[in-house]
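I have placed the structure first, in the form of structure tokens, so that the comments after it can refer back to it.
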Amino acid sequence: VQLQAFGGGLVQAGGSLRLSCTASGGDFSTNVMGWSRQFPGNQRDSVARITWAGVTSYSDSVKGRFTISRDNALNAVYLQMNSLKPEDTAVYYCYIDKYGRRYWGQGTLVTVSS
């Protein structure tokens, strides 16, 4: 299982970014996919997750600003990030839960300037 994330970059506060992640190495249409982020020196925290049926959940810090979606035909998961804040600056990782473990993508850096 391999995941590749892209779409990070530098954006001003209040702006938007869309992260994308594609998975390869199997059929992931029935698996939970999601995004986490990691601040420097901190552990990786969950941001959003989506089930195969499209049921979503979000951390309180991003609720109402971020939207997770997926395309099962493309084995892809997306994270639309709106109203970005400097405190959203982090490395974002996509993941998929399969075979009883979590697989991670390589991470993409999001930097929000004030």
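Within segment 18-46, how many residues turn out to be touching a helix residue (DSSP H, G or I) at 6+ places or on another chain (Cβ under 9 Å) and either of a type in the set (Lys, Arg) or closer than 13 Å to Leu79 by Cα (or both)?
So the count comes out to 2.
Please state which one of Asp60, Asp27 is loosely packed, with under 14 Cβ neighbours inside 10 Å and either modelled with pLDDT of 95 or more or assigned to a strand (DSSP E or B) (or both).
Of the residues listed, the single one that is loosely packed, with under 14 Cβ neighbours inside 10 Å and either modelled with pLDDT of 95 or more or assigned to a strand (DSSP E or B) (or both) is Asp60.
Can you confirm whether Ala73 is among the aliphatic types (A, V, I, L, M) and either touching a residue at least 60 places away in the same chain (Cβ under 8 Å) or open to solvent by 20 Å² or more (accessible area, probe 1.4 Å) (or both)?
yes
Do we find a residue being surrounded by fewer than 16 Cβ atoms within 10 Å (Cβ to Cβ), under 17 Å from Gly15 (Cα atoms) and either of a type in the set (Gly, Ala, Ser) or at pLDDT below 95 (or both) anywhere in segment 90-110?
no
Select, from Arg49, Arg65, the only residue that is open to solvent by 70 Å² or more (accessible area, probe 1.4 Å), under 15 Å from Leu19 (Cβ atoms) and touching a Ser or Thr at 6+ places or on another chain (Cβ under 6 Å).
Arg49
The values are calculated or read from the model by the stated rules, or taken from the named source; none is laboratory data. All values reported here derive from a predicted model rather than from experimental measurement. Cβ atoms come from the backbone with ideal geometry, glycine included; neighbour counts cover every protein chain shown. Side chains are part of the model used for accessible areas, which takes the heavy atoms of the whole protein and leaves out ligands, DNA and RNA. Shrake-Rupley method; radii C 1.70, N 1.55, O 1.52, S 1.80 Å.
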